[in-house]
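A short write-up of the structure that comes next.
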Amino acid sequence: MITEDNSNSGSPVPPPKNDAPKDQQQTLVVPTINYAKPFPDVSKIEVFAGQNFRRWQERVSSTLDLHGVALTLTNSKPSSSSTQKEVDTWEHANRVCRHTIMTTLSNELFDVYCSYKEAKEIWAMVLKYTAETAGKKNFVIGNYYRWTMLEEKDIKDQINEYHKLIEELNA
């Protein structure tokens, strides 16, 4: 006679029987509390690579405002005389803001700003970057509009000047 061993058959092992009456059985309920606050959904925000700054800025700031953390973009870390709750709240808001800004930057801009630890610093530097870029662009456009050909100058030099202006406009 051959007997089969079904101990490793993969079928689930039934739980041990509790023969105590129902009123004496104890059920252990472990509450699960999620203390982590979700980060903002930035999937709808275009990655900022130097184009469409105003659109990017408005989308990021309104997203952060909806999550109640936008004040971190303008407020510095609370002083040591502040309560621990104020410091913790600011640190969480800073993490959310920094994460949101960094995840919506292009790889090139991410590499530039990843060393900054405060969202306020990153926000200020991005604003400065775009202001400088816009100022330079306005300067180049002004040069283009003021450029004229002169009879006393060599035509080849003037054409080279014109090509440089066009390259600066396209940059």
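I need a count of the residues in segment 87-99 that are touching a helix residue (DSSP H, G or I) at 6+ places or on another chain (Cβ under 6 Å) and either loosely packed, with under 14 Cβ neighbours inside 10 Å or not polar (S, T, N, Q) (or both).
3
Going residue by residue through segment 61-68, is there one that turns out to be under 24 Å from VAL47 (Cβ atoms), of a type in the set (S, T, N, Q), part of a loop (DSSP other than H, G, I, E, B) and within 14 Å of the chain's Cα centre (by Cα)?
No, segment 61-68 contains no residue that is under 24 Å from VAL47 (Cβ atoms), of a type in the set (S, T, N, Q), part of a loop (DSSP other than H, G, I, E, B) and within 14 Å of the chain's Cα centre (by Cα).
Taking segment 69-103, which residues are among the hydrophobic types (A, V, I, L, M, F, W, C) and either more than 14 Å from ALA119 (Cα to Cα) or outside any loop (DSSP other than H, G, I, E, B) (or both)?
Selection gives ALA70, LEU71, LEU73, VAL87, TRP90, ALA93, VAL96, CYS97, ILE101, MET102.
Please verify whether segment 42-54 includes one or more residues that are touching a helix residue (DSSP H, G or I) at 6+ places or on another chain (Cβ under 8 Å), more than 26 Å from GLU167 (Cα to Cα) and at pLDDT 90 or above.
Scanning segment 42-54, I find no residue that is touching a helix residue (DSSP H, G or I) at 6+ places or on another chain (Cβ under 8 Å), more than 26 Å from GLU167 (Cα to Cα) and at pLDDT 90 or above, so the answer is no.
Would you confirm whether any residue within segment 71-86 is of a type in the set (Gly, Ala, Ser) and surrounded by 15 or more Cβ atoms within 10 Å (Cβ to Cβ)? Explain how you work it out, then say what you get.
Taking segment 71-86 first, the residues of a type in the set (Gly, Ala, Ser) are 76, 79-82.
Checking which are surrounded by 15 or more Cβ atoms within 10 Å (Cβ to Cβ) leaves us with none.
Within segment 71-86 (the criterion being of a type in the set (Gly, Ala, Ser) and surrounded by 15 or more Cβ atoms within 10 Å (Cβ to Cβ)), the answer is no, since none of the residues qualifies.
Condition check: under 23 Å from ARG54 (Cβ atoms), modelled with pLDDT of 85 or more, within 26 Å of the chain's Cα centre (by Cα) and small (Gly, Ala, Ser). Does ALA131 satisfy that?
Numbers: under 23 Å from ARG54 (Cβ atoms): yes; modelled with pLDDT of 85 or more: no; within 26 Å of the chain's Cα centre (by Cα): yes; small (Gly, Ala, Ser): yes.
Spelling it out, it is not the case that ALA131 is under 23 Å from ARG54 (Cβ atoms), modelled with pLDDT of 85 or more, within 26 Å of the chain's Cα centre (by Cα) and small (Gly, Ala, Ser).
Which of the following residues is touching a Cys at 6+ places or on another chain (Cβ under 8 Å) and within 29 Å of VAL42 (Cα to Cα): ALA119, ALA124?
Numbers: ALA124 fails: touching a Cys at 6+ places or on another chain (Cβ under 8 Å).
Exactly one residue qualifies, and that residue is ALA119.
Is there a residue being touching a strand residue (DSSP E or B) at 6+ places or on another chain (Cβ under 8 Å) and in contact (Cβ under 8 Å) with a residue 40 or more places away in the chain anywhere in segment 85-96? Before you say what the answer is, go through the steps one by one.
Here is the first cut: in segment 85-96, the residues touching a strand residue (DSSP E or B) at 6+ places or on another chain (Cβ under 8 Å) are none.
No, because not a single residue in segment 85-96 is touching a strand residue (DSSP E or B) at 6+ places or on another chain (Cβ under 8 Å) and in contact (Cβ under 8 Å) with a residue 40 or more places away in the chain.
Quickly run through segment 100-154 and pick out the residues that are of a type in the set (D, E, K, R) and surrounded by 13 or more Cβ atoms within 10 Å (Cβ to Cβ).
Those that are of a type in the set (D, E, K, R) and surrounded by 13 or more Cβ atoms within 10 Å (Cβ to Cβ): GLU118, LYS120, GLU121, LYS137.
So, in segment 77-115, exactly how many residues are over 12 Å from the mean Cα position of the chain (by Cα), over 17 Å from LYS128 (Cβ atoms) and of a type in the set (Ser, Thr, Tyr)?
The qualifying residues number 6.
Say whether the condition of being more than 29 Å from the chain's Cα centre (by Cα), modelled with pLDDT under 90, surrounded by 10 or more Cβ atoms within 10 Å (Cβ to Cβ) and farther than 23 Å from GLU121 by Cα is met by at least one residue in segment 8-31.
Scanning segment 8-31, I find at least one residue that is more than 29 Å from the chain's Cα centre (by Cα), modelled with pLDDT under 90, surrounded by 10 or more Cβ atoms within 10 Å (Cβ to Cβ) and farther than 23 Å from GLU121 by Cα, so the answer is yes.
The values are calculated or read from the model by the stated rules, or taken from the named source; none is laboratory data. Computed from a predicted structure; not experimentally measured. Note that we place each Cβ from the backbone using ideal geometry, even for glycine, and neighbour counts take in every protein chain shown.
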